1. Just checking, does the range 85-97 include any residue being in contact with an Asp or Glu (Cβ under 6 Å, 6 or more places away or on another chain), crowded, with 17+ Cβ neighbours inside 10 Å and of a type in the set (A, V, I, L, M)?
2. Looking at 46, 24, 3 in this structure, which one is of a type in the set (Lys, Arg), more than 15 Å from residue 87 (Cα to Cα) and either at pLDDT 95 or above or within 11 Å of the chain's Cα centre (by Cα) (or both)?
3. Check residue 74 against each of (1) at pLDDT below 95; (2) closer than 23 Å to residue 15 by Cα; (3) of a type in the set (A, V, I, L, M, F, W, C) and name the one condition it does not meet.
4. Pick from the range 14-29 the residues that are surrounded by fewer than 12 Cβ atoms within 10 Å (Cβ to Cβ) and not acidic (Asp, Glu): which of them is nearest to residue 48 (Cα to Cα)?
5. Going by the conditions given, is residue 34 under 9 Å from the mean Cα position of the chain (by Cα) and under 20 Å from residue 56 (Cα atoms)?
6. Test residue 41 against the criterion of being over 16 Å from residue 27 (Cα atoms), at pLDDT 85 or above and aromatic (Phe, Trp, Tyr), and give yes or no.
7. Restricting the search to the range 58-77, which residues are loosely packed, with under 14 Cβ neighbours inside 10 Å and not in a helix (DSSP H, G or I)?
8. Given the criteria at pLDDT below 95, surrounded by 12 or more Cβ atoms within 10 Å (Cβ to Cβ), in contact with a strand residue (DSSP E or B) (Cβ under 8 Å, 6 or more places away or on another chain) and assigned to a helix (DSSP H, G or I), does residue 80 qualify?
Amino acid sequence: MNKEVIGLSKEGTLDVDKVVEFFKNWVGVHLVSVKGQLDSYWLMGKDGYDMMDGRKYYKLVFDTYGVTIVSPGMCNTYSMKCHLGEWIKEAIDARKAEDSYS
C-alpha cells in the first residue's frame, strides 16, 4: 500500500471530528467509515458523483496532524493528494468568502 500525507497542522492540534466534517460539508467528498478502524474513511465520491465503481480504493486516515491517503497505486495516491489539496484550498476560499459576507 502506498501512502501520501497532507499536513494540516504542524503542532498536531486538529480536532479530527471537525476536519472530517469540513471534508464532508465544505470539500464535498463522500466518506464512508472503514469498519474497525477509527478515523479511517473510504473516499467514495465528490460533489454527489461516485468516484468508485466496485472495490474501495482510496482510504483517508485522519489524525491530529492532517490526513493520510492510502491506496494500492503509487501514482494514483500522489494524484489524489494533488486533487485533495486543490479541493481543500477551494473549500477554504469558499468558506472565507462566505464568512466575509456574514
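The values are calculated or read from the model by the stated rules, or taken from the named source; none is laboratory data. If you're wondering where the values come from, they're calculated on a predicted model, not measured in any experiment. Cβ coordinates were reconstructed from backbone atoms using ideal geometry, including for glycine residues, and neighbour counts include every protein chain displayed.
1. Going through the range 85-97, the residues in contact with an Asp or Glu (Cβ under 6 Å, 6 or more places away or on another chain) turn out to be none.
No, because not a single residue in the range 85-97 is in contact with an Asp or Glu (Cβ under 6 Å, 6 or more places away or on another chain), crowded, with 17+ Cβ neighbours inside 10 Å and of a type in the set (A, V, I, L, M).
2. Working: 46 fails: more than 15 Å from residue 87 (Cα to Cα); 24 fails: more than 15 Å from residue 87 (Cα to Cα).
Step by step, each of 46, 24, 3 is checked, and only 3 is of a type in the set (Lys, Arg), more than 15 Å from residue 87 (Cα to Cα) and either at pLDDT 95 or above or within 11 Å of the chain's Cα centre (by Cα) (or both).
3. If we test residue 74 against (1) at pLDDT below 95; (2) closer than 23 Å to residue 15 by Cα; (3) of a type in the set (A, V, I, L, M, F, W, C), just (2) comes out false.
4. In this case the residue turns out to be 25.
5. no
6. Numbers: over 16 Å from residue 27 (Cα atoms): no; at pLDDT 85 or above: yes; aromatic (Phe, Trp, Tyr): yes.
Judged against the criteria, residue 41 is not a match.
7. Start the filter on the range 58-77 by keeping residues that are loosely packed, with under 14 Cβ neighbours inside 10 Å, which leaves 72-75.
The answer is 72, 73.
8. Values: at pLDDT below 95: yes; surrounded by 12 or more Cβ atoms within 10 Å (Cβ to Cβ): yes; in contact with a strand residue (DSSP E or B) (Cβ under 8 Å, 6 or more places away or on another chain): yes; assigned to a helix (DSSP H, G or I): yes.
For residue 80, the condition - at pLDDT below 95, surrounded by 12 or more Cβ atoms within 10 Å (Cβ to Cβ), in contact with a strand residue (DSSP E or B) (Cβ under 8 Å, 6 or more places away or on another chain) and assigned to a helix (DSSP H, G or I) - is met.
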